[in-house]
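Accompanying notes for the structure given below.
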């Protein structure tokens with residue numbers, strides 16, 4: 001066992017700034033105190049303050065406000081989890097339950113969060129919060145308040161109280177949050193998202209607008225000056241924003257919020273697209289850990305000044321949805337990850353054409369077929385008021401009991417090789433409609449050889465021209481990342497209801513139209529319907545993306561390099577480093593997501609030893625290799641607190657780097 005080289009390069013570990021005590025391996029223990037707080041209008045609520053059990057630096061601990069979503073409290077699991085993990089990393093976190101007021105406004109909610117920073121500073125016991133180092137994170141509606149904090153940071157507030165300006169914040173991390181709320185609520189002024197009407201009383205003016213098909217008026221009602229100021233202020237703020245979204249979010253419409261978050265011209269931006277944290281998405285153990293880790297690193301960089309490279313990593317990191325519904329639902333499944341320097345990524349679209357009935361193929365149709373008819377029949381007495389009274393989108397069976405589902409399905413031949421879909425699929429339909437008032441939903445799925453269907457993504461579009469005849473409809477499907485195995489078929493369903501029946505939830509996503517109509521898909525030369533799928537051959541992955549191992553018990557960390565069957569028999573190498581994954585380096589023109597450092601050289605001398613078993617060789621018939629990192633406790637304990645980055649390099653027949661898998665991170669704790 002070569003211990004001397006390991007000891008010699010420990011100095012390459014990242015150093016914290018002197019103003020904060022270094023976070024010990026495993027993190028600080030912390031205490032939670034619950035205190036009453038009173039806002040400037042006299043309304044009271046409870047606040048939990050999470051404080052590290054250690055002496056703060058000379059300026060105090062950086063402070064982070066953690067906000068719950070609508071109808072939640074400070075005790076929500078997401079809030080407690082985020083606050084706990086950050087307190088372990090050397091932050092004072094504070095979370096309060098939104099008070100209930102008659103006529104609550106967004107201006108008042110913004111003032112509450114602005115005042116909460118000072119209230120926490122006054123209430124914390126046994127330590128101090130550095131008022132010059134503040135951040136905000138939150139979930140759903142709390143995530144939107146994180147965007148608000150960035151937008152009004154250092155600016156005059158629309159409503160004044162204990163403070164007239166929002167305190168300066170140095171970074172925010174919104175999670176599953178609506179940002180472009182107007183477009184997400186009333187897309188294209190033609191339809192309304194279900195969550196906007198589901199809890200409205202019968203006399204609410206929004207329901208009347210929907211009943212009158214006045215979606216332009218509804219959009220105007222939702223597009224308040226506050227919403228307009230939020231987007232305008234974000235466009236000129238330099239606050240670093242890390243936005244986290246869930247692909248199968250069955251409440252909010254992600255695409256407009258993703259676009260709004262990433263088009264900020266100033267300040268660092270990052271996108272993390274995965275699963276979990278609410279809105280009926282599937283929770284996954286590793287993905288939850290990755291999100292906590294990324295949030296901490298974002299705040300470490302911008303509140304503590306730690307040069308951890310998080311701001312140098314690619315703009316977007318996405319978790320690939322597993323290849324089956326069963327794996328998607330299993331919280332122990334390890335999801336593959338990909339990165340991109342832009343979103344949606346610059347990946348070529350594969351165009352699949354609808355041909356005849358139930359056929360999806362790469363070539364346009366050469367014959368006409370007008371038998372693809374979608375019926376949308378609504379009882380005369382059934383309207384939006386009945387829809388809401390019966391449970392709206394959360395009661396899909398009540399909806400389908402009134403409006404019969406109708407769909408046309410198109411299926412491809414089995415794929416000859418595995419692909420990965422990465423980005424925003426788009427569907428274009430040429431239709432003949434009897435009224436000119438219709439709504440269509442496109443669902444993209446894949447079907448395994450046994451006939452099982454597995455969800456990928458979906459989108460909805462509506463038209464209210466009132467003009468019967470031919471219409472061209474373009475439907476943007478939700479941003480997605482998906483691996484589709486060889487032998488599976490792509491499936492495109494065009495249906496009359498936004499009946500989103502995903503891996504963990506079923507919901508009517510968009511309020512249906514309450515007018516009867518008939519829509520014929522026009523299939524033929526020059527008038528074909530198609531779906532553009534941003535896809536490429538399967539790349540490579542190194543798993544798991546993140547793991548924490550115990551030094552005390554000794555390290556036996558498994559790693560799997562997945563190259564895909566088309567790379568069977570190719571040579572591979574597992575490399576490692578301790579200085580992060582960005583900026584990385586180029587190898588034969590391929591970007592390697594790992595910094596080359598002294599540990600990298602040491603690792604190359606340990607290839608295929610008991611420390612790095614099977615770390616170089618030939619990929620098996622499935623294109624995979626199983627390796628790992630092993631150390632006994634006596635050596636592992638001296639590496640506590642280090643973050644190892646691994647990458648898998650696959651070489652082509654000429655010996656050049658063809659593709660890499662990774663980065664994969666291993667954190668050594670006690």
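The values are calculated or read from the model by the stated rules, or taken from the named source; none is laboratory data. Keep in mind that this is a model prediction, so the values were computed, not measured. For neighbour counting, all protein chains shown are included, and Cβ atoms are generated from backbone atoms with ideal geometry for every residue, glycine included.
In the stretch 58-155, which helices (runs of 4 or more DSSP H) lie fully inside it and hold 2 or more residues that are over 24 Å from residue 168 (Cβ atoms) and free of Cβ contacts under 8 Å to residues at least 40 places away in the same chain? It would help to see each step written out before you state the result.
Details: elements: 77-88, 106-123, 141-152.
Those helices (runs of 4 or more DSSP H) span 77-88.
Pairs, please: C-beta under 9 Å, at least 6 apart or cross-chain, first residue surrounded by fewer than 17 Cβ atoms within 10 Å (Cβ to Cβ) and in the stretch 629-650, second assigned to a helix (DSSP H, G or I)?
Within 9 Å, the pairs are 634/3; 638/3; 638/6; 638/7; 638/10.
Residues checked against (1) assigned by TED's automatic domain parsing to the domain that holds residue 83; (2) at pLDDT below 95; (3) surrounded by fewer than 22 Cβ atoms within 10 Å (Cβ to Cβ); (4) in contact with a helix residue (DSSP H, G or I) (Cβ under 8 Å, 6 or more places away or on another chain):
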position: 263; (1), (2), (3), (4): yes, yes, yes, no
position: 274; (1), (2), (3), (4): yes, no, no, yes
position: 279; (1), (2), (3), (4): yes, yes, yes, no
position: 284; (1), (2), (3), (4): yes, no, no, no
position: 302; (1), (2), (3), (4): yes, no, no, no
position: 308; (1), (2), (3), (4): yes, no, yes, yes
position: 315; (1), (2), (3), (4): yes, no, yes, yes
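Just give me the residues in the stretch 189-207 being assigned to a helix (DSSP H, G or I) and either buried (at least 16 other Cβ atoms within 10 Å of the Cβ) or in contact with a strand residue (DSSP E or B) (Cβ under 6 Å, 6 or more places away or on another chain) (or both), in sequence order. Quick ask: steps written out before the conclusion?
Within the stretch 189-207, the subset assigned to a helix (DSSP H, G or I) is 189, 194-196, 205-207.
Scanning the stretch 189-207 gives 189, 194, 195, 196, 206, 207.
Which of the following residues is modelled with pLDDT of 95 or more, more than 22 Å from residue 150 (Cα to Cα) and either outside the structural domain of residue 138 (by TED's automatic domain parsing) or over 26 Å from the mean Cα position of the chain (by Cα) (or both): 56, 13? Steps first, please.
Values: 13 fails: modelled with pLDDT of 95 or more.
Answer to the check: 56.
For residue 580, state whether it is more than 22 Å from residue 294 (Cα to Cα) and modelled with pLDDT of 95 or more. Quick ask: steps written out before the conclusion?
Numbers: more than 22 Å from residue 294 (Cα to Cα): no; modelled with pLDDT of 95 or more: yes.
Here the answer is no, as residue 580 does not meet what is asked.
Among what's in the stretch 362-376 and is surrounded by 15 or more Cβ atoms within 10 Å (Cβ to Cβ) and either assigned to a loop (DSSP other than H, G, I, E, B) or more than 37 Å from the chain's Cα centre (by Cα) (or both), pick the residue that is modelled with the lowest pLDDT.
369
Here are the criteria: (1) crowded, with 18+ Cβ neighbours inside 10 Å; (2) touching a strand residue (DSSP E or B) at 6+ places or on another chain (Cβ under 8 Å); (3) at pLDDT 95 or above; (4) within 25 Å of residue 315 (Cβ to Cβ). Tell me which single one residue 662 does not satisfy.
Evaluating residue 662 over (1) crowded, with 18+ Cβ neighbours inside 10 Å; (2) touching a strand residue (DSSP E or B) at 6+ places or on another chain (Cβ under 8 Å); (3) at pLDDT 95 or above; (4) within 25 Å of residue 315 (Cβ to Cβ) leaves (3) as the failure.
Could you tell me whether residue 558 is in a loop (DSSP other than H, G, I, E, B), more than 19 Å from residue 320 (Cβ to Cβ) and either under 23 Å from the mean Cα position of the chain (by Cα) or touching a residue at least 12 places away in the same chain (Cβ under 8 Å) (or both)? Working first, answer last.
On the way: in a loop (DSSP other than H, G, I, E, B): no; more than 19 Å from residue 320 (Cβ to Cβ): yes; either under 23 Å from the mean Cα position of the chain (by Cα) or touching a residue at least 12 places away in the same chain (Cβ under 8 Å) (or both): yes.
Spelling it out, it is not the case that residue 558 is in a loop (DSSP other than H, G, I, E, B), more than 19 Å from residue 320 (Cβ to Cβ) and either under 23 Å from the mean Cα position of the chain (by Cα) or touching a residue at least 12 places away in the same chain (Cβ under 8 Å) (or both).
Which ones in the stretch 283-317 are part of a helix (DSSP H, G or I) and touching a strand residue (DSSP E or B) at 6+ places or on another chain (Cβ under 7 Å)? Please lay out each step first, then the result.
Residues of the stretch 283-317 part of a helix (DSSP H, G or I): 285-303.
Correct list: 286, 287, 289, 290, 291, 293, 294, 295, 298, 299, 302, 303.
Restricting attention to the stretch 549-566, and to residues there that are within 30 Å of residue 415 (Cα to Cα) and touching a strand residue (DSSP E or B) at 6+ places or on another chain (Cβ under 6 Å), which single residue is surrounded by the most Cβ atoms within 10 Å (Cβ to Cβ)? So that I can check it myself, show each step before the final result.
Taking the stretch 549-566 and keeping what is within 30 Å of residue 415 (Cα to Cα), we get 559-566.
Subsequent filtering for residues that are touching a strand residue (DSSP E or B) at 6+ places or on another chain (Cβ under 6 Å) retains 559-563.
Numbers: 559: 25, 560: 17, 561: 30, 562: 21, 563: 26.
If we take residues in the stretch 549-566 being within 30 Å of residue 415 (Cα to Cα) and touching a strand residue (DSSP E or B) at 6+ places or on another chain (Cβ under 6 Å), then 561 is surrounded by the most Cβ atoms within 10 Å (Cβ to Cβ).
When you check residue 546 against the structure, is it surrounded by fewer than 23 Cβ atoms within 10 Å (Cβ to Cβ) and either in contact with a helix residue (DSSP H, G or I) (Cβ under 7 Å, 6 or more places away or on another chain) or not assigned by TED's automatic domain parsing to the domain that holds residue 446 (or both), yes or no? Before the answer, list the steps.
Values: surrounded by fewer than 23 Cβ atoms within 10 Å (Cβ to Cβ): yes; either in contact with a helix residue (DSSP H, G or I) (Cβ under 7 Å, 6 or more places away or on another chain) or not assigned by TED's automatic domain parsing to the domain that holds residue 446 (or both): yes.
Yes: the conditions hold for residue 546.
Of the residues 120, 77, 95, 114, only one is in contact with a strand residue (DSSP E or B) (Cβ under 6 Å, 6 or more places away or on another chain) and under 19 Å from residue 140 (Cβ atoms); which?
The unique qualifying residue is 95.
Regarding the stretch 251-258, can at least one residue be identified that is under 21 Å from residue 167 (Cα atoms) and outside any strand (DSSP E or B)?
No, the stretch 251-258 has no match at all.
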